[in-house]
Amino acid sequence: MIALLHRLGFEYRKPDVIARKLDEAKQAAFIASYDKLLNSLPDSETVLFADAVHPTHAVQPVGCWAPEGEKLAIEQTSGRQRINIHGAVDLETGQTRTIEVETVDAVSTIRLLEAIEALYPMLALIHVFLDNARDHHAKLVQEWLAQEWLARPGCRIRLHFIPPYCPHLNPIERLWGVMHKHVTHNKCYAASPVAPRRSTSMAAAGRGGKAWTPTSRRTSPPIPAACR
């Protein structure tokens, strides 16, 4: 039966999951405005996509290719420790900026924005795309942006928000996917990793993954067909 299905052009795969509350009109409007921004972006500006990820110490078993008939097993670890990473990616250059934080909140959002500003000291404007997490809209973040404006008229950070229930429109999710593939999936660590609290770059580690190929600033983020 399986051979017959293959001959008929069928393949076994999981369907894409579409958010029940996804608003197609808002998604289309966002894509149009994003394209307009990229096509008019001067060399003195850049665009980044930001989000957080929370790798856990517990083993994450996932499917993989293996010799037929060979039994696969991986030692499990106990505990629910995790690390919190706030990061951003520039699709034009592949440059990333990540910080490890105690918790993802308005303060960590501000720390990330400060790290992004430091990464681009010569640019006039930095467009940062975020999801609609409460921390990103926090009053503390708005106050920081206002203080930046007062301290330096023409604040170099400008926030843009991705439509609700559209994680597929945030390319950094694919970077996190590459990270999980190479760092957490089917890996057992004897102890929970404790990394130093400093800014770092994941570009070198990420470029090896297929999903990490930087796209041109003139190209919109890829969208699953089922979500269009």
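The values are calculated or read from the model by the stated rules, or taken from the named source; none is laboratory data. Since we're looking at a predicted model, the values are computed, not measured. FYI the Cβ positions are ideal-geometry reconstructions off the backbone, even for glycines, and counts take in every protein chain you see. Calculation scope for accessible area: heavy atoms of the full protein, side chains included, ligands and nucleic acids excluded. Shrake-Rupley method; radii C 1.70, N 1.55, O 1.52, S 1.80 Å.
Restrict the check to region 121-134 and report whether at least one residue is of a type outside the set (A, V, I, L, M, F, W, C) and in contact with a Leu (Cβ under 6 Å, 6 or more places away or on another chain). Reasoning before the result, please.
Here is the first cut: in region 121-134, the residues of a type outside the set (A, V, I, L, M, F, W, C) are 121, 127, 131-132, 134.
Restricting the remaining residues to those that are in contact with a Leu (Cβ under 6 Å, 6 or more places away or on another chain) gives none.
No, the conditions are met nowhere in region 121-134.
Can Thr103 be described as under 29 Å from Lys181 (Cβ atoms), hydroxyl-bearing (Ser, Thr, Tyr), in contact (Cβ under 8 Å) with a residue 40 or more places away in the chain and outside any strand (DSSP E or B)? Walk me through how you get there before you give the answer.
On the way: under 29 Å from Lys181 (Cβ atoms): yes; hydroxyl-bearing (Ser, Thr, Tyr): yes; in contact (Cβ under 8 Å) with a residue 40 or more places away in the chain: no; outside any strand (DSSP E or B): yes.
It is false that Thr103 is under 29 Å from Lys181 (Cβ atoms), hydroxyl-bearing (Ser, Thr, Tyr), in contact (Cβ under 8 Å) with a residue 40 or more places away in the chain and outside any strand (DSSP E or B).
Let me spell it out: the conditions are (1) surrounded by 16 or more Cβ atoms within 10 Å (Cβ to Cβ); (2) modelled with pLDDT of 75 or more, and Phe161 meets all of them except one. Which number is the exception?
(1)
Condition (residue is surrounded by 12 or more Cβ atoms within 10 Å (Cβ to Cβ), aliphatic (A, V, I, L, M), in a loop (DSSP other than H, G, I, E, B) and under 18 Å from the mean Cα position of the chain (by Cα)) applied to region 76-87: is it met by at least one residue? First the steps, then the outcome.
Filtering region 76-87 down to residues surrounded by 12 or more Cβ atoms within 10 Å (Cβ to Cβ) leaves 77, 81-87.
Within this subset, residues satisfying the condition of being aliphatic (A, V, I, L, M) are 83, 85.
From what's left, in a loop (DSSP other than H, G, I, E, B): 83.
Of the ones still in play, those that are also under 18 Å from the mean Cα position of the chain (by Cα) are 83.
Yes.
Just the residues that are of a type outside the set (D, E, K, R), within 26 Å of Glu45 (Cβ to Cβ) and in contact with a Lys or Arg (Cβ under 9 Å, 6 or more places away or on another chain), please, taken from region 55-92. Break it down stepwise before answering.
Step one: filter region 55-92 for residues of a type outside the set (D, E, K, R), giving 55-67, 69, 72-74, 76-79, 81, 83-89, 91.
With the extra rule that they be within 26 Å of Glu45 (Cβ to Cβ), the set shrinks to 85-89, 91.
Matches in region 55-92: His86, Gly87, Ala88, Val89, Leu91.
What residue, among those in region 57-75 that are out of contact with any Ser or Thr (no Cβ under 9 Å at 6 or more places or on another chain) and of a type in the set (Gly, Ala, Ser), is most open to solvent (accessible area, probe 1.4 Å)?
Per the stated criteria, the residue is Ala73.
Can you find a residue that is in contact with a helix residue (DSSP H, G or I) (Cβ under 7 Å, 6 or more places away or on another chain) and in a loop (DSSP other than H, G, I, E, B) anywhere in region 108-116? Working first, answer last.
Pass one, region 108-116, residues in contact with a helix residue (DSSP H, G or I) (Cβ under 7 Å, 6 or more places away or on another chain): 109-110.
From what's left, in a loop (DSSP other than H, G, I, E, B): none.
No, region 108-116 has no match at all.
Can you tell me which residue is farthest from Phe129 (Cα to Cα) among those in region 12-57 that are in contact with a helix residue (DSSP H, G or I) (Cβ under 8 Å, 6 or more places away or on another chain) and acidic (Asp, Glu)?
Asp16
Going by what's in this entry, would Glu143 be described as closer than 30 Å to Glu24 by Cα and of a type in the set (D, E, K, R)? Give the steps one after another, and end with the answer.
Values: closer than 30 Å to Glu24 by Cα: no; of a type in the set (D, E, K, R): yes.
No, not satisfied.
Collect the residues in region 1-18 that are outside any loop (DSSP other than H, G, I, E, B) and either loosely packed, with under 10 Cβ neighbours inside 10 Å or touching a Gly at 6+ places or on another chain (Cβ under 7 Å) (or both), keeping them in residue-number order.
First pass over region 1-18, keeping only residues outside any loop (DSSP other than H, G, I, E, B): 2-7.
Hits for region 1-18 are Ile2, Ala3, Leu4, Arg7.
Among Asp43, Asp51, Asp35, which is at pLDDT 75 or above and surrounded by 14 or more Cβ atoms within 10 Å (Cβ to Cβ)? Please lay out each step first, then the result.
Numbers: Asp43 fails: surrounded by 14 or more Cβ atoms within 10 Å (Cβ to Cβ); Asp35 fails: surrounded by 14 or more Cβ atoms within 10 Å (Cβ to Cβ).
None of the others qualify; the one that does is Asp51.
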